[in-house]
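The values are calculated or read from the model by the stated rules, or taken from the named source; none is laboratory data. Since the model is a prediction, treat every value here as computed from it, not as a measurement. Neighbour counts run over all protein chains shown; Cβ positions are idealised from the backbone, glycine included.
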Amino acid sequence: MQGRSAATKALALACAAHFLVLFDVSVMTVALPSIQADLGFTPASLQWVVSAYTLAFAGLLLLGGRLADLYGHRRAFVGGLSVFTAASLLGGLATTPAMLITARAAQGISAAVLAPLALTMLTTTFPEGPRRTKALTIWTAVSLAGGASGNLLGGVLTEYLSWRSVLLINVPIGLPAILFGARLLARRGAPRQRVRLDLPGAVLATAALTLLTLGISQAHTHAWSDLDTALPLLGGIIALAAFMVVEGRFAVAPLIPPRLLGLPGIGWGNLAMLLAGASQVPLWYFLTLTMQDVLHYNAAQTGLGFLPHAVVMLLVGLVLIPWLMRHVQARALIAAGALLAAMGFWWQSGVTPDSDYLTGVFGPAVAISFGGGLLSTPLTTTVTSGVESADAGAASALMNTTRQFGGAFGLAVVLTITAADTTDTPAALADSYGNAYQAIAVILLALAALTPVLPALRDTQHTVRR
């Protein structure tokens, strides 16, 4: 076990990297109307400002996790953050939709290296038990706050500067972080013996996730039997099948080592993580549109509207979860959090143009965020339990893949049941967005129903195995 000072620095760096990654998942949502007006996005193509990031992120996370395992923490961190910073600069200077989407995809690629590295640093620094749970609690709270504060800061920057500033702000943050990470990790995480990376597996995984999401998103404007919908779905299924064959028979260093699949928390835990992710990204997307299109908030007011989400998630994660994890099974907390969040989304579905802030935003936000904060750390603990250090990067990448793909996939699915158009009246938009919130509530009910098959974990059951 490393010294407490080194462990604290590793925790701080891991939290900072993951905050930046998740901050950029949500920071763009409040700016979407401004981006649409400035660059000429159509309503159907606007989702790709969000999905280009999350799909590249999800599709390459498995490869990104192995990079940290095989080539060391320092190289992965410095390389990943350098690309992320450069892509942020490109996106901030974008003059066309294609240029912005390309920059967002490049951000997602680099985030696919940073996100599993952040969790790997924690799971290899802190052994299973109360210390790891405390570290994961802080990491999860910072992650949740990153998503919520992205909306808050994005709204303020968009209103008083420009939507471009929500990307350009990463440059002065990223440059010193690169230098700090290079210095801190200089003598840590030495590269292992070089092993050929599973590039075919990474390409097939990315193709499968992208095509499946594209096919479902096309169902928003085309019939399921239409070739524009059916062909991407068929291609995604074929790519997924090919990925499974390559991983099982041909990969020298598979992105998902077969020994991981035998762990009790990996299979069902990642399915639960996918459902949890499918509720998060649609929340930021539709709540942003609700506040601006239905309640007529400006960008700054919309950003401030997300403040309760950040505050409640932080309070639950930092104050309640450490105590609850010592007394209540993780799967019970996941179920309770999913049910509470589902109630919040159902409440949110009743918003109308006449709703005030307390009943139309604040009340549902407290329920949604309390439930989300309640389930996040127990779910992360479940998915990472029993994983050896040698596989920490792969397990972290798999967990982040399911969560991020869940976000993009969930947004595409929920979009198919809405009929919103920016020319609709506020009342019609409220009805359409209300359908979206009810769909998210159903996703969370499915998550709650899944919890009985998850491993029964509690902090007092963990043992130190270093």
So which of VAL311, VAL316 ends up being aliphatic (A, V, I, L, M), surrounded by fewer than 20 Cβ atoms within 10 Å (Cβ to Cβ) and part of a helix (DSSP H, G or I)? VAL311
Criterion (modelled with pLDDT of 90 or more and either within 24 Å of the chain's Cα centre (by Cα) or more than 28 Å from LEU274 (Cβ to Cβ) (or both)) met by exactly one of GLN348, GLN301, GLN292: GLN348
Looking at SER369, SER355, which is the one that is hydroxyl-bearing (Ser, Thr, Tyr) and surrounded by 21 or more Cβ atoms within 10 Å (Cβ to Cβ)? SER369
Of the conditions (1) at pLDDT below 75; (2) in a helix (DSSP H, G or I); (3) not small (Gly, Ala, Ser), MET1 clears all except one; give me its number. (2)
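Residues are listed down the side, and each one gets a yes or a no for (1) aliphatic (A, V, I, L, M); (2) part of a helix (DSSP H, G or I); (3) in the same structural domain as LEU157 (by TED's automatic domain parsing):
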{"residue": "PHE286", "(1), (2), (3)": "no, yes, yes"}
{"residue": "ALA300", "(1), (2), (3)": "yes, yes, yes"}
{"residue": "MET325", "(1), (2), (3)": "yes, yes, yes"}
{"residue": "ILE334", "(1), (2), (3)": "yes, yes, yes"}
{"residue": "GLY344", "(1), (2), (3)": "no, yes, yes"}
{"residue": "SER355", "(1), (2), (3)": "no, no, yes"}
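The rows are residues; the columns are (1) modelled with pLDDT of 80 or more; (2) farther than 27 Å from PRO258 by Cα; (3) not acidic (Asp, Glu).
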site: ALA68; (1), (2), (3): no, no, yes
site: ALA76; (1), (2), (3): yes, no, yes
site: VAL83; (1), (2), (3): yes, yes, yes
site: GLY91; (1), (2), (3): yes, yes, yes
site: ALA98; (1), (2), (3): yes, yes, yes
Can you tell me which of ALA395, ALA412 is closer than 26 Å to LEU260 by Cα and either modelled with pLDDT under 85 or within 20 Å of the chain's Cα centre (by Cα) (or both)? ALA395
Close pairs from segment 18-41: first assigned by TED's automatic domain parsing to the domain that holds SER88, partner of a type in the set (Lys, Arg) and crowded, with 24+ Cβ neighbours inside 10 Å, Cβ under 8 Å, at least 6 apart: MET28/ARG104
